[in-house]
Amino acid sequence: MSTTLPTRGGAADLVSAAPPPTPSPGGRPSSEDRLHRRRGRIGLWFAMPWIVGFVLFYAAPMAASLWFSFTDFSLTSPDPIAFVGGDNWARLIRDREVIDSALVTVKFGLLSLPLTILVPLGFAWLLTAKQLWGRSIFRTLFYMPSVIPFVAAVLVFNGMLNSQTGWANRALSAVGIPGPNWLNSEVWIYPTLTLIALWGIGNAMIIFIAGINSVPADLYDAAQVDGASSWQQFRTITVPMISPVLFYNVVVALIGLFQYFLVPFVLKNGSGDPGGATFFYSMYFYRTLFRLQNMGYAATLAWMMFLVGLVVTGLLFWSARYWVHYEFGDQS
């Protein structure tokens, strides 16, 4: 007599193959069936606050904004809301300001995204070195800027980088170096915004530190026996082992780029100066929504931002199968 062994998957397959509870004689559900239903209802009640909040504050507003994108809804017009079909979407494709603001966002992202990933990764690598004395102190110091209100930090940078009265240019002039016009030069504005962005890298750094500390020490010991240098260990062991953490920080940074608004708004009040270099896509959306109060076209801009972000993030998830390595080879 042959014996059939369970296929790959073990207990999970055995559980999934178990027959469902059978009803009791007479067609009435059994006590086990009633227990399953009761547990399901209890779980639903526990999830209800989140479900209600999601519907009220996410699903319903998104559905309403999608409808508004096909209307001429404007708070400045006394006329009733009228359905205009795809006029707003056709206008978006022809709108030069959409293209310009999108290019501003892309140009800033090409500079800021790599630095906001590599700099916290580098600090995390240094702050996990066993030879570093006072690692906990340095970690606290590097993380502290993240808990400071960002508006207050931006205002501090606004004063510090002022070309006339800021102490940054005064310090440079004291050693004979002419200070640049940090905030009003099209050449220096993106490095300045990137510098301000690096002020808040504490969260990403802490996540990288947690990932590096989770790498098994046996791998480093074996690499040292083979004569691998610290850089070789970082490149061939640390980076592949923390690639899921790296992937997470890249996704978060990319989403933050699409929503980049606060810093240029506080510095330039949404004017786009100098020369439109700070007129990001989110700034154009803000101006259309709150200053021009064109709700229909603003909803179209918001949905375009959502769709582009969804596609880019989806491509990033698709690419993860080639460079993100999970333990036991599970990349699902």
Legend entry - Span per principal axis, largest first, for the Cα atoms of segment 50-204 (Å): 65, 44, 26
Legend entry - Test item: Cα-centred dipole of the chain, Lys/Arg +1 and Asp/Glu -1 on Cβ, debye: 540 debye
Legend entry - Listed residues R135, R321, R38, most fluctuating in the chain (Gaussian network, C-alpha, under 10 Å): R38
Legend entry - Inter-centroid distance (Cα atoms) of segment 72-117 relative to segment 248-309, Å: 8 Å
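With 10 angstrom as the radius, rank T278, T288 by how many other C-beta atoms surround their C-beta, starting from the fewest.
Numbers: T278 25, T288 21.
The most exposed by this proxy come first: T288, T278.
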Inset, instruction - Starting from the amide H of T71, placed 1.01 Å from N in the peptide plane, find each other amide H under 5 Å away whose residue is 5 or more places distant or on another chain. - result: V84
Inset, instruction - Using the charge dipole of segment 112-229 (Lys, Arg: +1 at Cβ; Asp, Glu: -1 at Cβ; taken about the Cα centre), state which of S185, V119, I206 has its Cα farthest towards the positive end. - result: S185
Inset, instruction - Take each of the peptides 46-52, 232-238, average the number of other beta-carbon atoms within 10 Å over its residues, and list them starting from the highest. - result: 232-238, 46-52
Inset, instruction - Rounded to whole Å and sorted largest first, list the principal axis extents of the Cα atoms in segment 204-290. - result: 61, 22, 15
Inset, instruction - With springs only between Cα atoms under 10 Å apart, run a GNM on the chain and tell me which of P149, P264, P240 wobbles the most. - result: P149
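Which order results if Y281, Y220 are arranged by neighbouring Cβ count within 10 Å, fewest first? Numbers along the way, then the final one.
Numbers: Y281 26, Y220 17.
Fewest-to-most Cβ neighbours within 10 Å comes out as Y220, Y281.
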Legend entry - Unit charges at the beta carbon, dipole of segment 91-233: most positive-side option, A228, A168, T105: A168
Legend entry - Residue order, fewest to most beta carbons within 10 Å, for T76, T71: T76, T71
Inset, instruction - Provide the packing ranking of 161-171, 54-64, i.e. peptides ordered by the mean count of other C-beta atoms within 10 Å per residue, highest first. - result: 161-171, 54-64
Inset, instruction - Specify the residue with the greatest mean-square fluctuation among G109, G309, G53, computed from a Gaussian network of the chain linking alpha-carbon atoms under 10 Å apart. - result: G53
Inset, instruction - Grab the DSSP H runs of the chain that are 4 residues or longer, score each as -39,500 (n - 2.57), total them, divide by all residues and round the 222 nm result to the nearest 500 deg cm²/dmol. - result: -19000 deg cm²/dmol
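At 20 angstrom or more along the helix axis (alpha-carbon based) and mean Kyte-Doolittle of -1.0 or higher, what helices does the chain contain? Whole DSSP H runs only. Before the final figure, lay out the partial values.
Details: long enough: 31-54 (34 Å, -0.33); 96-127 (46 Å, 1.43); 243-258 (23 Å, 2.03); 295-323 (41 Å, 1.27).
What comes out of the filter, once short or polar helices are dropped, is 31-54, 96-127, 243-258, 295-323.
FYI, it's all coordinate maths here, none of it is from the lab. Fair warning: this is a prediction, and the values are worked out from it, not measured in the lab. Glycine also receives a Cβ, built like all others from the backbone with ideal geometry; neighbour counts cover every protein chain displayed.
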